[in-house]
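Step one of this worksheet: look at the structure below.
The values are calculated or read from the model by the stated rules, or taken from the named source; none is laboratory data. Because the structure is predicted, anything quoted here is derived from the model rather than measured. Please note: Cβ atoms are built from the backbone with ideal geometry, for glycine as well, and neighbour counts cover all protein chains shown. SASA here: full protein model, heavy atoms, side chains in, ligands and nucleic acids out. Shrake-Rupley method; radii C 1.70, N 1.55, O 1.52, S 1.80 Å.
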Amino acid sequence: MRHYRATAEAHPNIAFIKYWGNRDHALRIPSNGSISMNLAGLVTRTTVVFRPDLPADRLILAGQPRTGQALARVVRVLQRVRQWSALAWYAEVRSDNNFPTGAGIASSAAAFAALATAAAAAAGLSLSTQALSRLARLGSGSASRSVPPGFVEWLAGKSDAASYAVSIAPPDHWALADCVTIVTQGHKAVGSSQGHRLAESSPFQAERLATAPQRLQLCREAILQRDFAALAQVVEDDCHLMHAVMQTSSPRLLYWEPATLAVMHAVRRWREEEGLPVAYTIDAGPNVHVLCPADHAPAVRQRLEALRGVQQVLVALPGGGARVVEA
Ligand code: PMV
């Protein structure tokens, strides 16, 4: 007998060109396209079981039952799966990360990419990468980018059907490392779902959106040509534009801590004064993602670990896409 169960895995991703602000908040259709790299080694594993005896959907994260907003976002994705598959049963969702939650690594991208992939398989749907990316997007925008493998672009689109991510290059295209530099383990004060709603209140958002296509183009080319210097330039430009928007929205969002700035200054010094190929980017939190060619990662990691305020450095190479591991 079919048992309506599947397990999937997915990686988080780091955005080189950021997603900040939505055209449609409910459907998470973004105001601009974005580009990212999946992070190998960091993994979310999610099992979905649809059962006739459940009175409602149930979510268990790292062994703890969760309700409220966390559950509501999961239900959103499950509802869509029920719609597409005509399955009426509720589901139990169990999800675990191999990296510590609250370690400041955005886990929602991996979580919803794994959820979409597992839920579709459990319901017996055989969906394209494109459809799975759309499904993951409903839970968390950046999750759409954790579905395809390697280096990924999320095509903003203007409708649910047109807003999904595609692979620009496979993981083995370029041995690039992300040295995830953790400066605080705390949970962020304002999460990204709320942050996206504030983006338009900044006078700089319109300018950021108007020039995003140029940066997307520069980033795409830098990846395809494996041009680290060009990537470094556009990634830092784009990071500062997003944080300028965050820091000038009402209310203001300031995610940086003193240690965040210490890492930013050090990276710039290493690059400009010592010629080291390094660049930084920062999401909606204080931790810094330091990018470098993989052969430089051991030395970069050692330097980062020696900086005051740095708690831990995790090194991730380009990762694959979301996949079913048990069905
Ligand atoms: O997918 P969300 O709603 O968690 O938003 C992600 C926002 C950033 O991490 C700041 C940027 C990005 O493109 O990943």
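Within the range 150-161, the set of residues being more than 12 Å from the ligand (Cβ to nearest atom) and either over 29 Å from Leu317 (Cα atoms) or in contact with a strand residue (DSSP E or B) (Cβ under 6 Å, 6 or more places away or on another chain) (or both) comprises Gly150, Phe151, Lys158, Ser159, Asp160, Ala161. Elements of the type strands (runs of 3 or more DSSP E) sitting completely within the range 1-92 and holding at least 3 residues that are of a type outside the set (Gly, Ala, Ser) and within 16 Å of the ligand (Cβ to nearest atom): these cover 13-17, 22-24, 34-38.
Residue-level check: of (1) closer than 24 Å to His11 by Cα; (2) within 19 Å of the chain's Cα centre (by Cα), Leu224 misses just (2). For the range 147-168, the set of residues classified as assigned to a loop (DSSP other than H, G, I, E, B) and either buried (at least 23 other Cβ atoms within 10 Å of the Cβ) or of a type outside the set (A, V, I, L, M) (or both) consists of Val147, Pro148, Pro149, Gly150, Gly157, Lys158, Ser159, Asp160, Ser163, listed by residue number.
If you go through the range 209-229 and keep only what is in contact (Cβ under 8 Å) with a residue 40 or more places away in the chain, open to solvent by 50 Å² or more (accessible area, probe 1.4 Å), over 17 Å from His240 (Cα atoms) and not aliphatic (A, V, I, L, M), you end up with Arg220, Arg226. Evaluated against (1) open to solvent by less than 20 Å² (accessible area, probe 1.4 Å); (2) farther than 26 Å from Pro171 by Cα; (3) in contact with a Ser or Thr (Cβ under 7 Å, 6 or more places away or on another chain), His243 falls short on exactly one condition, (3). Cβ-Cβ contacts under 6 Å between residues 6 or more apart (or on different chains), taken from a first residue in the range 53-75 that is without any contact (Cβ under 8 Å) to a residue 40 or more places away in the chain and not assigned by TED's automatic domain parsing to the domain that holds Gly141 to a second residue that is surrounded by 13 or more Cβ atoms within 10 Å (Cβ to Cβ) and of a type in the set (Phe, Trp, Tyr), are absent. Residue check: Ser128 meets all listed conditions (1) within 16 Å of the ligand (Cβ to nearest atom); (2) more than 28 Å from Leu291 (Cα to Cα); (3) polar (S, T, N, Q) but one, namely (1).
The conditions of being surrounded by fewer than 16 Cβ atoms within 10 Å (Cβ to Cβ) and touching a residue at least 24 places away in the same chain (Cβ under 8 Å) are met by Asp172. Here the condition is being in a helix (DSSP H, G or I), open to solvent by 50 Å² or more (accessible area, probe 1.4 Å) and in contact with a Leu (Cβ under 8 Å, 6 or more places away or on another chain); of His265, His296, it holds for His296 alone. In the set (1) open to solvent by 20 Å² or more (accessible area, probe 1.4 Å); (2) at pLDDT below 95; (3) not polar (S, T, N, Q), the condition left unmet by Ala121 is number (2).
Of the listed requirements (1) away from the ligand (no atom under 15 Å from the Cβ); (2) farther than 27 Å from Asn287 by Cβ, Arg134 misses just one: (1).
Looking at (1) in contact with a strand residue (DSSP E or B) (Cβ under 6 Å, 6 or more places away or on another chain); (2) within 16 Å of the ligand (Cβ to nearest atom); (3) of a type in the set (A, V, I, L, M, F, W, C), find the lone condition where Ala106 falls short. For Ala106, the exception is condition (1). Entry remark, the range 224-252: residues being in a helix (DSSP H, G or I) and within 22 Å of Pro30 (Cα to Cα) number 14 in total.
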